[in-house]
Amino acid sequence: MPSYVNPEKCDGCKALDKTACQHICPNDLMVLDKDAMKAYNREPEMCWECYNCVKICPTQAVDVRGYADFVPMGASVVPMRSTDNIMWTVKFRNGMVKRFKFPIRTTPEGKAEPAGGWDNTPEMDSANLYTEPESTGMAAVWTK
Ligand code: SF4
Ligand code: SF4
């Protein structure tokens, strides 16, 4: 089942220029109905159920069917993010609820280096990878 926005929970991201689910969807599927201030998936058949919008929505308004390999029988799966972990609440059709909590980062929030410490590599525009040859452990990039 593709993503479904629960209109009772969605607040339209409080009228920001672009909603969180619009920002994150790799398929550009989410749109905001500005009259109702509710988001919706405009092409459900194009949704690959990646869970990005599910995880980023600040009001837990987006629902996607849990995959059968980890939540059988159509359980609902709702995430709650914090700065360093994510907790999934899984509610099975028989009413059983289970919660799973996972760390989501290895560096403190705001401390990640965008270029991973490779800022001084001069070859940004070359055909080589940005970090080569240092990241390969070789003295020079291999050529034919
Ligand atoms: Fe609504 Fe959530 Fe999308 Fe914001 S991120 S517009 S609250 S569904
Ligand atoms: Fe887009 Fe992924 Fe959400 Fe589907 S589940 S609407 S592909 S972000």
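Taking R0 as 22 Å, what FRET efficiency do you get between T83 and D17 from their Cβ-Cβ distance, rounded to the nearest 0.05?
Values: r = 24 Å, r/R0 = 1.10.
The computed FRET efficiency comes out at 0.35.
Against the empirical 2.2 N^0.38 Å scaling, what ratio does the C-alpha Rg of the range 14-98 come to? Compared with the compact-globule rule of thumb, the range 14-98 sits at 1.16. Taking every C-alpha pair closer than 8 Å and separated by at least 6 residues, the mean separation divided by the residue count of the range 1-85 gives a relative contact order of 33 percent.
Computed from the alpha carbon atoms alone, the convex hull of the chain holds 199 Å³ per residue.
Among the cysteines of the chain, C10, C13, C25, C47, C50, C57 have no other cysteine beta carbon within less than 4.7 Å of their own.
Fully extending the segment from T131 to W48, taken as 0.36 nm per residue of separation minus the present Cα-Cα distance, adds 26.7 nm.
The heavy atoms of M1 offer some 90 square angstrom of accessible surface to a 1.4 angstrom probe.
Counting every C-alpha pair in the range 64-107, the share spaced more than 15 angstrom apart comes to 45%. Under the convention that each Lys and Arg Cβ holds +1 and each Asp and Glu Cβ holds -1, the size of the dipole of the chain around its Cα centre is about 900 debye. The candidates W88, W118, W48, W142, arranged from most to least accessible area with a 1.4 Å probe in the full protein assembly, appear as W142, W48, W118, W88. Which of C25, C47, M1 sits closest to the plus end of the dipole of the range 1-65, meaning its Cα is farthest towards the positive end, when Lys and Arg get +1 and Asp and Glu get -1 on the C-beta? Selected residue: C25. For the chain, a Gaussian network of Cα nodes joined below 10 Å ranks I104, I86, I56 by mean-square fluctuation, and the top entry is I104.
The values are calculated or read from the model by the stated rules, or taken from the named source; none is laboratory data. Remember, it's a predicted structure, so these values are computed and weren't measured experimentally. Note that each Cβ is placed from the backbone with ideal geometry, even for glycine, and that neighbours are counted across all protein chains shown. Accessible surface is based on the protein model in full, side chains and every heavy atom, while ligands, DNA and RNA are left aside. Shrake-Rupley method; radii C 1.70, N 1.55, O 1.52, S 1.80 Å.
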